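Visitor: Right, I'll just put the structure down here and ask away after.
Every read-out reported here was derived from the displayed coordinates using simple, explicitly stated rules and does not represent laboratory data. Computed from a predicted model, the values in this text were never measured in an experiment. Cβ placement follows ideal geometry from the backbone for every residue including glycine, while neighbour counts extend to all protein chains displayed.
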Amino acid sequence: MSVSTAHSTVDGLLDSFADATPGHLDEDFLRLVDAVWAEGRLTGLAAQAVPAILARIDQVGDDRRGRLLVLLGLLAEAEYPATDGEVTSAVREGLDTYLDLLSRGVKGEPQTLALLYLLSHLPKDRERILAAAAPLHLDPNDQTRLERCLQELDPENVVLGRVWPSPYEWSLSDDQREFDQGWIRTLTPEQLRATWESDTRTVLAYVGAKAYWAVLNGSPTVATDTSPYSDTSDPVDAAVDAEIFDRYAEAYRCPACHSPLEFAPSEVRCTGCSTAYATTHGVIDVLTALGGAPADDPDDVLQNATKMKGIGYYYEAVLRPAFLQVMGSNWGGQVSPTDEDAYLARHTRPVDGPVLDLAAGAGRWTAVLCEAVGAERVIALDVIMPMLIGVRGRLPEVQTLRASALALPFDDATLGAVNCWNALQALPDPHQALKEVGRCLRPGGVLTLLTFRWGSDGIYSYFQGAHAFPGSPDGIKLFDLDQISGWLDDAGLTVREQSGPGTFVFITAERAL
C-alpha cells in the first residue's frame, strides 16, 4: 500500500470517528484502532497514521480526544522497551500539545488519565512532563506511577516487584528493603533488566486500563472493604495442632503415592511411601518433604516478593482491589467486597465433609466460609507459606495446608464443598485444577468460583493480559465463558448459577448426584 493510500485510509477512518453518532462512536473508534494496532502490535499503517491522529487532537471533543490519546499511547507502547522507535518518535512530535492539554486538565478526569497514560511512554521528556504535571497535584498513586514509568533503570538503585499498582502503596521498612535487596543482588544483569521491564509493562497496563475505562465511562471510583472479615493484620504465630487435622484425617492422601496420611504433633507421614512432610507454624507443607529440596522455582524472581512478612495485608488491602479493578472492569465499584461476601455465603451449600478454600491467599474469604459453615469444617490451601501462616494465626480452628491445586492431597469424593475465589486465572493449569475439584467433591457438593473473562474489545483485553505477576510472568491468562463451561463439564460439574457485571464471572457448580 502506498503512503498516499495509507493516508487516505486513515483519514477516512478518522473522519468516520470524528463524525460518528454516540451510538456508533465505539464501533468507529475500534475500526480506526484495528487499522493501526492489533493485540499490542503495529500494523503497516501505524507510522503514517500518527501525524494524521495528532492533527485531529484539537479538532474533536473531549470524549473523542481521550480515545485518540489512549490510541497514541498504545502505538508507542507497541515499540517498548525501545523508546526511540519510528512510531514513538512520531508520537513525541505532539508533546507540546499533550503538555498544554495537561496544564488545563483536572486530576482524576478521563482526559487527564488518558494524557498520563500517553505521557508515561516518553521517558526522554521526563523532566518536562513531571514539571507540567506538578500543578495538578496528582493523587500519590497516579503521581508515582507516572514517575516510575518515566524512570530509567539504575542497577545500583532499583526496586523490583513492588511498584504495582503504584510505588506509593509499598511503604517498606528498612528490614523489608534489605530483604528485597538481598534477592535482587542475586540476579544477573539480564534478569534484572527483564524484571524491570516486566514491572514497567505491568504499571503501564494498569494506567492504560484505568484511562481507557474512564474515557468510555467517566471518572473511576473506589469500592472500599468495610466488612469485619477484612482484617489481615499480622497475627501471632500458631503451633501445630494435630487434633485439628484428625477431624478429616480420612480425607487426606499423600500427593506422591495417594496413600493415607498420619498426623502427629511432630510430623505428618505417609502410611504408604513413608514420606514425612514439613510443618511450619501450624501449616502442613505437602509440597516439601523433610530432607528434600524446597518446592519453589529459583528462577521465578518475582516470587520473592511474596515471601515478605505482611504480604497478606498488602494483598487484601492494596493488591487485590486493584486487581479486581483491572480484571473485573471494576473501576466504577459495581462489585464491592460485601457483594462478594453475600454471594459466597448464599451459594456455599456443602454436603457432608470438609470445605476447601482453594488458593485461600490471606484468608479474607476463608473467614466468610468459617462464618457460613463453621471454622471446624474449613481447610485453607495455598502455595504461599507466609499467607497460610497468617491464616493459621487469625483462624486457629482452620486446617491450613500448603499444596498444589493441580494435585489435591485428598481422596476421591471426600470434600463437601470447594471455594476458588479470584484464583483460577492464577493457576498454571486451570483445566487440571477444575478436574481435581471434580474428583474430590462428593456428589451434591458445590464449587463456588470467582474469576474473570476477557474484555469485550481488543484494547481492554490487551490491558488485562499485559499484567505480569508471580505465577503469570508472561501476562494474565483469562477466559471465555464457553471455555470455563467446557472445563466444568469435563470435571463432572453442572453450572447452577452464573452471573457477573463488567468482566467478573461468578459461578456456582454442583457435582452430579
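Visitor: As a footprinting exposure proxy, order His431, His121 by other Cβ within 10 Å, with the fewest listed first. Mind showing how you got there, number by number?
Guide: On the way: His431 17, His121 26.
Listing His431, His121 from fewest to most nearby Cβ atoms yields His431, His121.
Visitor: May I ask you to derive the FRET efficiency for Ala55 and Arg104 from their Cβ-Cβ distance with R0 = 25 Å, giving the value to the nearest 0.05? Provide the component values of the computation, followed by the final result.
Guide: Numbers: r = 19 Å, r/R0 = 0.78.
E between Ala55 and Arg104, to the nearest 0.05, is 0.80.
Visitor: A further question follows. Points 7 angstrom from Cα along the Cβ direction at Asp489 and Ser219: gap in nanometres?
Guide: Using points 7 Å along Cα→Cβ, the separation is 4.7 nm.
Visitor: So between Arg41 and Thr97, what do we pick up on full extension, going 0.36 nm a residue minus the alpha carbon distance?
Guide: Numbers: separation 56, 0.36 × 56 = 20.16 nm, distance 2.52 nm.
Working it through step by step, the gained length comes to 17.6 nm.
Visitor: What ranking of Trp454, Trp365, Trp183 emerges when the number of other C-beta atoms within 10 Å of each C-beta is taken as an exposure proxy, fewest first?
Guide: Values: Trp454 20, Trp365 26, Trp183 16.
In increasing order of surrounding Cβ atoms, one gets Trp183, Trp454, Trp365.
Visitor: Would you grab the residues whose amide H sits under 5 Å from the one on Ala38? Only those 5+ places off in sequence or on another chain, please, with H modelled 1.01 Å from N.
Guide: Excluding prolines and chain starts, which carry no amide H, the hits are Thr43.
Visitor: Counting only residues 5 or more places away or on other chains, whose amide H sits under 5 Å from the amide H of Glu497 once H atoms are built in the peptide plane?
Guide: Here the answer is Thr508, since their amide H atoms fall under 5 Å of that of Glu497.
Visitor: How big is the stretch 242-289 along each principal axis, measuring the range of its Cα positions in Å and listing the largest first?
Guide: Answer, in whole Å and largest first: 24, 21, 14 Å.
Visitor: Now for a different question. Enter the angle in degrees (range 0 to 90, nearest 10) between the Cα long axis of helix 189-217 and the first principal axis of the Cα atoms of the chain, meaning the one along which they spread out most.
Guide: Helix 189-217 and the main axis of the chain meet at about 70 degrees.
Visitor: Now for a separate question. So if we plug the beta-carbon distance of Glu27 and Ala256 into 1/(1 + (r/R0)^6) with R0 = 51 Å, what FRET efficiency do we get, rounded to 0.05? Working shown, then result.
Guide: Details: r = 55 Å, r/R0 = 1.09.
The pair Glu27/Ala256 has a calculated efficiency of 0.40.
Visitor: For the chain, how big is the tail of P(r) above 40 Å, as a whole percent of Cα pairs? Display every interim value, and only then the final one.
Guide: On the way: 37296 of 131328 pairs.
That tail contains 28 percent of the Cα-Cα pairs.
Visitor: Assuming R0 = 56 Å, what is the FRET efficiency of Glu397 and Asp63, from their Cβ-Cβ distance, to the nearest 0.05? Walk me through the intermediate numbers first.
Guide: Details: r = 54 Å, r/R0 = 0.96.
In this case the efficiency is close to 0.55.
Visitor: Provide Glu86, Glu169, Glu243, Glu156 in ascending order of the number of other Cβ atoms located within 10 Å of each residue's Cβ, fewest first. It would help to have the intermediate numbers written out before the result.
Guide: Working: Glu86 13, Glu169 17, Glu243 9, Glu156 4.
By the 10 Å Cβ count, ascending: Glu156, Glu243, Glu86, Glu169.
Visitor: Find how much the distance from Gln334 to Ser173 grows on full extension, using 0.36 nm per residue of separation minus their present alpha carbon separation; answer in nm with one decimal.
Guide: Values: separation 161, 0.36 × 161 = 57.96 nm, distance 3.45 nm.
Gain in length upon complete extension: 54.5 nm.
Visitor: Another question, then. Taking a virtual spin label 7 Å from the Cα of Asp139 along the C-beta vector, which residues in the stretch 193-223 bring their backbone nitrogen under 13 Å of it?
Guide: The answer is 207, 210-211, 214, 219-223, whose backbone nitrogens lie closer than 13 Å to the label point.
Visitor: Taking only Cα atoms, what is the 0 to 90° angle, nearest 10, from helix 25-36's long axis to the longest principal axis of the chain?
Guide: So the inclination is approximately 90 degrees.
Visitor: Okay, moving on. State to the nearest 20 debye the size of the charge dipole of the stretch 3-217 about its Cα centre, where the only charges are +1 on K and R beta carbons and -1 on D and E beta carbons. Each step should come with its number before you reach the end.
Guide: Numbers: 20 positive and 35 negative charges, 19 e Å.
The calculated dipole for the stretch 3-217 is roughly 80 debye.
Visitor: Return the unpartnered cysteines for the chain, using a Cβ-Cβ cut-off of under 4.7 Å.
Guide: Cys149, Cys370, Cys420, Cys440, each lacking another Cys Cβ under 4.7 Å.
Visitor: When N counts the residues of the stretch 3-217, how does its alpha-carbon radius of gyration compare numerically with 2.2 N^0.38 Å, as a ratio? Present the calculation step by step, with values, prior to reporting the outcome.
Guide: Values: Rg = 18.2 Å, N = 215, 2.2 N^0.38 = 16.9 Å.
That ratio works out to 1.08.
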